[in-house]
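Values quoted throughout were computed directly from the atomic coordinates according to the rules given, and no laboratory measurement underlies them. Keep in mind that what you see is a predicted model, and the values were worked out from it rather than measured. Cβ sites come from the backbone with ideal geometry, for glycine too, and all protein chains shown count toward neighbours.
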Amino acid sequence: MTIKFGPAGLGPVKDAEKVLEQYKKFGFKICEIAFTYSVYIKKEDAKRIGKKAKELGIDLTIHAPYFINLNSLEKEKVEASKKRILKCCEIGEELGVKRVVFHPGYYGKMSKEETYENIKNQIKEILNYIKKNNWKIKISPETMGKVNVFGSFEEISNLVKETGCDFCIDFAHILAREKKVDYEKIKKLFPQEHWHCHFSGIVYGEKGEKHHKSTEKEDWKNLLENLPKDKEISIVCESPTLIEDSIEGMKIYEKLK
């Protein structure tokens, strides 16, 4: 098993290369660029930043904007959601990014089955567009932390099987949604040899996720001891103290090896 650790955030364009150099010094091998509020990197800057990351041996991934709902009753919202994902893919290609992570959508007033079919069909359309453009990038719907939001690990696993899309396993979200993490079940549902994961501490209640918090050493230890030993795994830390927590995770992993 090889694990790459890194934070969810690159910061402003003007500092990007310096930040990547800093991340290299810390030993990070992955960085997720947060396009969560907007796709803030332009094409001409993307090439430069991507080149720097490649030189430093840091994999880049993207988190798409939060304003995505592939199951909206309003057609314009669905179209706008697809455009946001594809814009991330377009800039991601310039950055040399491997995958775009996104929150797929909400059940709203629809049944879980209807929601699944709608989201599946939209993902197929996005994948067709990617193929047409000869882009190499993958799209990765994420396991979600609230019970009223589409994205249980079973739903994400089924999307992967039925559309050929990629995936993001957020272990904090799974804990918040399910109140426990069934590692054995997750291993069966995601037999792929590469796992892209998110992790952090999390505060949750009956309806699931409330907010992320700093990651306790015990949380790291529990995750790292239970991960499969025969995969390549990337872990992006999304806690409020993401740099310190990523370093902590790496230290614990080194001791466990």
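Laid out as a table, the results:
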read-out: Normalised alpha carbon radius of gyration of the range 96-215 [divisor 2.2 N^0.38 Å]; value: 1.06
read-out: The range 1-94: trypsin sites (Lys or Arg not before Pro) in DSSP coil with no more than 12 other Cβ atoms inside 10 Å; value: Lys42
read-out: Linear extension gain, Glu125 paired with Lys251, 0.36 nm per residue minus alpha-carbon span; value: 41.2 nm
read-out: Cut-off 12 Å between beta-carbons: net charge of the residues surrounding Lys82, Lys and Arg +1, Asp and Glu -1; value: +3
read-out: Check: the chain dipole with +1 on Lys, Arg Cβ and -1 on Asp, Glu Cβ, in debye; value: 540 debye
read-out: Linear extension gain, Glu216 paired with Lys161, 0.36 nm per residue minus alpha-carbon span; value: 16.4 nm
read-out: Built amide H within the under 5 Å cut-off of Phe35, gap 5+; value: His63
read-out: Amide proton proximity set for Val236, modelled H, under 5 Å, gap of 5+; value: Cys197, His198, Phe199
read-out: Net charge of Cβ neighbours under 11 Å - reference Asp170; Lys, Arg +1; Asp, Glu -1; value: -2
read-out: Packing-based exposure ordering (other Cβ within 10 Å, fewest first) of Met144, Met110; value: Met110, Met144
read-out: Gain in span if fully extended, Lys231 to Ile243, counting 0.36 nm per residue against the direct Cα distance; value: 1.9 nm
read-out: Loop-resident sites, the range 137-211, for trypsin sites (Lys or Arg not before Pro), counting at most 14 other Cβ within 10 Å (DSSP); value: Lys179, Lys180, Lys207
read-out: Distance between modelled label sites at His194 and Lys77, nm, 7 Å Cα→Cβ extension; value: 3.3 nm
read-out: Estimated inter-spin distance, Ser111 and Lys47, nm [label 7 Å along Cα→Cβ]; value: 5.2 nm
read-out: Translational diffusion of the chain, µm² s⁻¹ [Kirkwood Rh, Cα pairs; Stokes-Einstein; 10 °C; 1.306 mPa s]; value: 86 µm²/s
read-out: Candidates per GluC sites (Glu not before Pro) in the range 168-257, loop by DSSP, up to 15 other Cβ within 10 Å; value: Glu193, Glu206, Glu216
read-out: Computed [θ] at 222 nm, deg cm²/dmol, the chain (DSSP H ≥ 4; -39,500 (n - 2.57); rounded to nearest 500); value: -14500 deg cm²/dmol
read-out: Cα centroid separation, the range 23-44 to the range 55-85 (Å); value: 15 Å
read-out: Residue (of His211, Gln192, Val97) at the positive-pole extreme of the chain, dipole from beta-carbon charges; value: Val97
read-out: Residue (of Ser152, Ser246, Gly201) at the positive-pole extreme of the chain, dipole from beta-carbon charges; value: Ser246
